[in-house]
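Peer 1: Before I ask anything, let me first share the structure, which is written out below as structure tokens.
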Amino acid sequence: MPHTISKQSYSDLRNGLTKTKQWLIGLNIPFDKSRFGQYEKNVELLDEHYKKGEVKELLRRTDFEDIVVSLNESTELVEIYEQLKYLNPELLRKKLKLIIGGPFLTKNESSEKGTNLARNIFYELYTMAVLKHAGFEILPELPSDVAFTFESKIILFECKRPQTKGSVESNFFKAVKQLTKNLNSLNELNSKGIVSISVSKILNRGDKLLIGRDQNNLANKIDSILGEIVRENKYLYKKVIDPRIIGVFYHLNTPAVNQQKNELINVQQIMIDNICLFNSSDYLIIERMASLLVFKRD
């Protein structure tokens, strides 16, 4: 059940960042002195060099990792702004203040030191944005990382960003435990829970590029990569005993090169897998949700 987002132009991303900065500053959240302020400068450089046909020269002179992390996280930040700007800002302010922290590069995060908190919260907000873009009604006031309504049911997400492949299992069961607690607290008939896992960092710490001949080839490659991760973790599902927890939402974000257009881009993939029984009523909920999540941004 895939979902691929293709790139927007560097100029559009640059304009989106300007609007996002104004939004955050309006909420008294500093931007220029945060890591996003530097990301904005790098996106401006990327846009200017692209217009002159000098992206390769920029990458030779500039740290490769600086550019790709700026492209990736700026793309997601703009999506957060575009999709969540009409929600009550008071319900998002605490999380928005947290996301501007953390180290500049993803590889410098440490779960032991707690420096991964900013990007963990960032992933929660980005997941909200993806769901909002697909048409789901977000409920930021509910006690869960992400909550929304679907077909008169309340769906809760618990989001995790494992730092290594070896930590996927422990993160998965932390999410399961939290979902059960939140579903009990919610006490709503027919409410459901879904584990949301970002596998981006365990596959790419910011120092790799996915190379594809064209957009279709890139989509096939990232689909295959994420599909393998899903298959590797299916054994975990059998250990989930709460029948209200019905699925797993996987997300992968990576820098990539489209050789056909000779462009550095951001490519993302989502898959929703079922924990519940095949062809059960809960499985059909998962299928219908997935059908709404299939959209593209050019």
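Peer 1: By the gyration tensor of its Cα atoms, with a ≥ b ≥ c the square roots of the eigenvalues, what is the shape of the chain: rounded for a/c under 1.5, prolate for a/b over b/c, or oblate?
Peer 2: prolate
Peer 1: List the relative contact order of the chain as a percent without decimals, with contacts defined as Cα pairs under 8 Å and 6+ residues apart.
Peer 2: Once normalised by length, the contact order is 22 percent.
Peer 1: Something else: Tilt of helix 215-232 relative to the longest C-alpha principal axis of the chain, in degrees (0 to 90, nearest 10)?
Peer 2: 40 degrees
Peer 1: If you don't mind, there's one more thing I want to ask. Would you mind classifying the stretch 47-130 by shape? Square roots of the alpha carbon gyration tensor eigenvalues, ordered a ≥ b ≥ c; an a/c under 1.5 is rounded, otherwise it is prolate if a/b is larger than b/c and oblate if not.
Peer 2: Cα axes put the stretch 47-130 in the oblate bin.
Peer 1: Using Cα atoms only, what is the angle between the long axis of helix 35-51 and the major principal axis of the chain, expressed in degrees (0 to 90) to the nearest 10?
Peer 2: Once rounded, the angle reads 60 degrees.
Peer 1: Oh, and also: For S224 and E263, FRET efficiency with R0 = 22 Å and r from the beta-carbon atoms, rounded to 0.05? Intermediate values should be presented prior to the final figure.
Peer 2: Values: r = 21 Å, r/R0 = 0.97.
It comes to 0.55.
Peer 1: Next question. Extending each Cα 7 Å along its Cβ direction at N28 and L105, get the distance between those two points in nm, one decimal.
Peer 2: Result: 3.6 nm between the two label points.
Peer 1: Now, a different point. Restricting things to alpha carbons, find the Rg to Rh ratio for the stretch 139-298 using the Kirkwood radius for Rh.
Peer 2: Expressed as Rg/Rh, it is 1.00.
Peer 1: Using only Cα atoms, find the angle between the long axis of helix 64-84 and the longest principal axis of the chain, and express it within 0 to 90 degrees, rounded to the nearest 10.
Peer 2: Taking the Cα atoms of the chain, the angle to 64-84 is about 50 degrees.
Peer 1: Can you tell which of G166, G206, G37 shows the greatest fluctuation in a Gaussian network model of the chain with Cα springs below 10 Å?
Peer 2: G166
Computed from the coordinates by the stated procedures, all read-outs in this text should not be read as laboratory data. For clarity, every value in this text was computed on a predicted model and none was experimentally measured. Here the Cβ is made from the backbone with ideal geometry for all residues, glycine too, and neighbour counts use every protein chain on show.
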